[in-house]
Structure formats: structure tokens, C-alpha cells
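Quick notes on the structure that follows.
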Amino acid sequence: MNKEHHYKTTIQWTGNKGTGTNGYRNYERSHTISVENKAIIEGSSDPAFRGDKTKYNPEEMLLASLSSCHMLWYLHFCSKEGIIVTDYKDHATGIMMETANGSGQFTEVTLYPEIIVTDESMIEKANNLHHKANEFCFIANSVNFPVKHNPTVSVK
């Protein structure tokens, strides 16, 4: 049985400096991202595209979506398999190629999860579950580029 899920966000441009988009350099790329009953996220474009470096850009948000979706599935499968994870941190990276006409696309993302488990006997299975998490991640299943994994699992 397929279940359909619906999501809603509101994006509000906040970069009008009084003259709208009457010139490429005359407006900010600032905007807010909001979802009902959640904290507002301040966004902009990447500084390479005249954005504010202190705000999240869409490319970072895509990377964060892939990383957090993977983590949530991974923790789920670890829990089901009796692998006790006590810490998880990911330093994800992505490569986006810009084309001559100014458009572009991501060509790959690599996740670098650092996982702490409670027992050495869990390490091999913990490493293997990244493949399953990738198979189930909604976001990874929605992109047209590879999402690679380079995990480190240790005991503490």
C-alpha cells in the first residue's frame, strides 16, 4: 500500500531594498523559510551568487536534507538490529557544477558520518547498515546524482 504525504513550506523574499529587481545588484537574495509552528530559517543565495554568507543557501539545505534523512534511517535500522549508537555526527560535502549559461547541478554528495557504538562487536554491522539507510532515504531516492558514504564507526 502506497501512502501519500504532503508538505507545505512558505518562502518569503525579504531582499527588496526599495526598488525591487530593477537591477541585478539592486536587491538582496535574502528570504525566510517557514513551516507552520516551526522556527523560521533565514536563507539567501551562495555568496558566489551575491548571497549573504551568514544565511543558509539552497545548496546547503539540500546537503543537510540528505545528511539528516540518511541519519534518521540509519539510527532506525541500528535500533532494530540491536546496535546501540551513542553519538552520530556527519560532515557532508557536495559538488555542484555550474554550466556556461549559469545553471548547474549537483554531481555528487558524500556523507562522512562519525558514529560511536557501545561495543566492538557492533562495528561491522553498523558500517553495513549505511547501504540500507541509503536505499530507504526519501531524499537520496529523489536526487539524480550519487550519494556516497564514508563512515567511521568506533567504540567509546
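The values are calculated or read from the model by the stated rules, or taken from the named source; none is laboratory data. Nothing here was measured: the structure is a model prediction, and the numbers come from that model. Cβ sites come from the backbone with ideal geometry, for glycine too, and all protein chains shown count toward neighbours.
Listing for the model above:
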read-out	value
Condition met for SER79 (modelled with pLDDT of 95 or more, under 28 Å from THR152 (Cβ atoms) and exposed (fewer than 14 other Cβ atoms within 10 Å of the Cβ))	yes
Unique match (being more than 16 Å from the chain's Cα centre (by Cα) and within 22 Å of ASN141 (Cα to Cα)) among LYS80, LYS53	LYS80
Residues of the range 7-36 that turn out to be in a loop (DSSP other than H, G, I, E, B) and either surrounded by 13 or more Cβ atoms within 10 Å (Cβ to Cβ) or more than 19 Å from the chain's Cα centre (by Cα) (or both), as a count	18
Residue within the range 133-151 that is closer than 20 Å to GLU59 by Cβ and of a type in the set (Lys, Arg) present	yes
Residue in the range 98-110 that is in the same structural domain as ALA133 (by TED's automatic domain parsing) and among the aliphatic types (A, V, I, L, M) present	yes
Filtered residue count, the range 115-144, keeping only those that are surrounded by fewer than 16 Cβ atoms within 10 Å (Cβ to Cβ) and touching an Asp or Glu at 6+ places or on another chain (Cβ under 7 Å)	1
Matching residues, the range 85-108, being in a strand (DSSP E or B) and farther than 13 Å from PRO146 by Cα	VAL85, THR86, ASP87, TYR88, LYS89, ASP90, MET97, GLU98, GLY104
